[in-house]
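Undergrad: Here it is, the structure, as structure tokens.
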Amino acid sequence: MNNKKISSNSEIGSLSEKIASGILLLSFKRISLQFVITLTNITLARLLFPADFGMFAIVTFVIAIFTVFSDLGLGPSLVQQKDDISEKDLQTTFTVQLLLSVVIILVIFGISPMIANFYNIGEKGVVLFRIYSLYLLFMPFKTTSGAILERHLQYKKLIIIEITELAVVSSLTILLAFRGFGVFSFAYSAVLGHFIGGVFYYFFVRWPIRFIILRDNLTKLARFGLSYQSNVVFGLFYGPLILLYLGKVVGPDNLGYYQWAAGFAVFPAVASEIINRVLFPLGARSQHDKQFFRKIIETSLMIVSFTSLPLAFIFMAAVPGIIHLVYTDKWLPAVPAVYLGLVQMVIIAHTGIFSQLLLARGRADVMRNMSFVWVILTWVLSPPLIHLFNFVGMSLASLLISATGIYLFFRLRQEVNFSFGKNFTLYLVSSLLCGILVFLAIHALGVTLPVLIVVMSSGLIFYVSVIWLFRGKEVFTNIRYLILSLKRTSG
């Protein structure tokens, strides 16, 4: 068939129904994933050591650098474009990504001994690089089919795939760690997980695979894709590259502490991940309606503030006790990095809204320029702070750099005027009070697991009660308004 359109009105269905149900499904997914991730991290933190986490982090960061050049931004371009996705768009995207993936794997196999020697991780590191790089073979299936699901807001299918993949990876990693595979537990399980994910993606979204690169289709997709990808390339310099620098300076053990702390600190960003997952495709498909855009922004800010702020302050109050009782004392050196990471996650949770909606409006240039600023700040701030404070210096630098994302707030406001204070201030004050009460209660009652569970739960109940008293009706009214707005735009 010739340039057949993949999407149709009957296939896509009602936009309002997909968004409303999508938010609920993504919430269920995020809670389920967080439960699995937390249980896995607790188990692995007890079975393995900081050096294992650090060594695999080095491998992950190096391959992440190569992975950037296997996509060229074609996947996000499929989601963002105004016209329907055609078969030729998919086939061109798939072919380009598969060719790039094969080339990158061959390069990694060739240079892995040099990289392993540079980081003093020996032959074990060489094998890790080569095994883990194989997951790139399955990424074109995931990227191409995933773009269709993302664009059509097929969150139920996305959730099935992602939960299945994570369940396989987590269970296999734990099993291999129990069997004494050590750091290789991460690599074997990751490759198998990506394979299963690729199979599931193609099972749910089948399209005629054909190895072809059409210049017109590639040019069209590359207009947005390359600009988007330039932002990702800049991200390497304040992401994997600076962390590889950290690993070289402080060693695998301290890099392991940093990575573990960063993973622990993601709890406040749970809701923002859900919101941001919806914002890009929703905003891209309704980017000309400024009134609707304003309501999207304000409702998103309200939900993110309502959820991220109390989680951050409650965990700040309880972090030492949680690590001591659950993860064991060998991770206590990471406590300062956890504190800084929690604050950073609150900032990212809010600025992520602005970045996603700017991208949805096609302003990849803004994010590209912002990324360039982050690159400069990363390499100006991080080395001296790492020298002064070891891996905690990296956490401090990351926090300071993330804080500059406030510019995105002002940049988005130039395009769409919206209210920030009423969707933030009350939640901040209530969360701060909640955190103080939890901190005082823990120190008064002692650090035991029952005390932590009861006090943290009570603090959350107190917070919700305060919000309900002052803003409860408005919260539900705003959500209801958003759903009704979605119905009007899709009708």
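The values are calculated or read from the model by the stated rules, or taken from the named source; none is laboratory data. It should be emphasised that the depicted structure is a prediction, and the values quoted were computed from it without experimental measurement. Neighbour counts are summed over all protein chains in view; Cβ atoms, including those assigned to glycine, are modelled from backbone coordinates with ideal geometry.
Undergrad: So which residues in segment 335-364 are basic (Lys, Arg) and either in contact with a helix residue (DSSP H, G or I) (Cβ under 7 Å, 6 or more places away or on another chain) or closer than 18 Å to residue 393 by Cβ (or both)?
TA: Of everything in segment 335-364, just one residue is basic (Lys, Arg) and either in contact with a helix residue (DSSP H, G or I) (Cβ under 7 Å, 6 or more places away or on another chain) or closer than 18 Å to residue 393 by Cβ (or both), namely 361.
Undergrad: Pairs please, first residue from segment 435-446 and outside the structural domain of residue 461 (by TED's automatic domain parsing), second anywhere and loosely packed, with under 13 Cβ neighbours inside 10 Å and polar (S, T, N, Q), Cβ atoms under 6 Å, 6+ apart in sequence or on different chains.
TA: none
Undergrad: Do any helices (runs of 4 or more DSSP H) entirely within segment 312-414 hold 3 or more residues that are over 28 Å from residue 302 (Cβ atoms) and among the β-branched types (Val, Ile, Thr), and if so, which?
TA: 364-389
Undergrad: On to the next question. When the residues of segment 391-416 are filtered to those that are in contact with a Phe, Trp or Tyr (Cβ under 9 Å, 6 or more places away or on another chain) and among the polar types (S, T, N, Q), which remaining residue is surrounded by the most Cβ atoms within 10 Å (Cβ to Cβ)?
TA: 395
Undergrad: Restricting to segment 145-171, what's the tally of residues that are closer than 15 Å to residue 189 by Cβ, touching a Phe, Trp or Tyr at 6+ places or on another chain (Cβ under 8 Å) and of a type in the set (Ser, Thr, Tyr)?
TA: Result for segment 145-171: 1.
Undergrad: Would you please name the residue that is modelled with the highest pLDDT, looking only at residues in segment 103-154 that are under 17 Å from residue 199 (Cα atoms) and in contact with a Gly (Cβ under 6 Å, 6 or more places away or on another chain)?
TA: Ranking the qualifying residues of segment 103-154, first place goes to 138.
Undergrad: Looking at residue 403, is it touching a helix residue (DSSP H, G or I) at 6+ places or on another chain (Cβ under 8 Å), under 21 Å from residue 347 (Cβ atoms) and not aromatic (Phe, Trp, Tyr)?
TA: In short, yes.
Undergrad: Can you tell me which condition residue 355 does not meet? The list is (1) surrounded by fewer than 20 Cβ atoms within 10 Å (Cβ to Cβ); (2) under 23 Å from residue 422 (Cβ atoms), and all the others hold.
TA: Checking residue 355 against (1) surrounded by fewer than 20 Cβ atoms within 10 Å (Cβ to Cβ); (2) under 23 Å from residue 422 (Cβ atoms), the one that fails is (1).
Undergrad: Could you grab me the full set of residues in segment 417-465 that are surrounded by fewer than 16 Cβ atoms within 10 Å (Cβ to Cβ), farther than 30 Å from residue 290 by Cβ and of a type in the set (Ser, Thr, Tyr)?
TA: Correct list: 448, 457, 458, 465.
Undergrad: How many of the residues in segment 100-130 are without any contact (Cβ under 8 Å) to a residue 24 or more places away in the chain and part of a helix (DSSP H, G or I)?
TA: The total comes to 13.
Undergrad: Does residue 96 satisfy being surrounded by fewer than 19 Cβ atoms within 10 Å (Cβ to Cβ) and out of contact with any strand residue (DSSP E or B) (no Cβ under 6 Å at 6 or more places or on another chain)?
TA: So residue 96 fails the test.
Undergrad: Which pairs do you get when a residue that is among the hydroxyl-bearing types (Ser, Thr, Tyr), found in segment 45-66, comes within reach of a residue that is outside any helix (DSSP H, G or I) and at pLDDT 85 or above, reach meaning Cβ atoms under 6 angstrom, with the pair 6+ apart or on two chains?
TA: Hits for this filter: zero, empty list.
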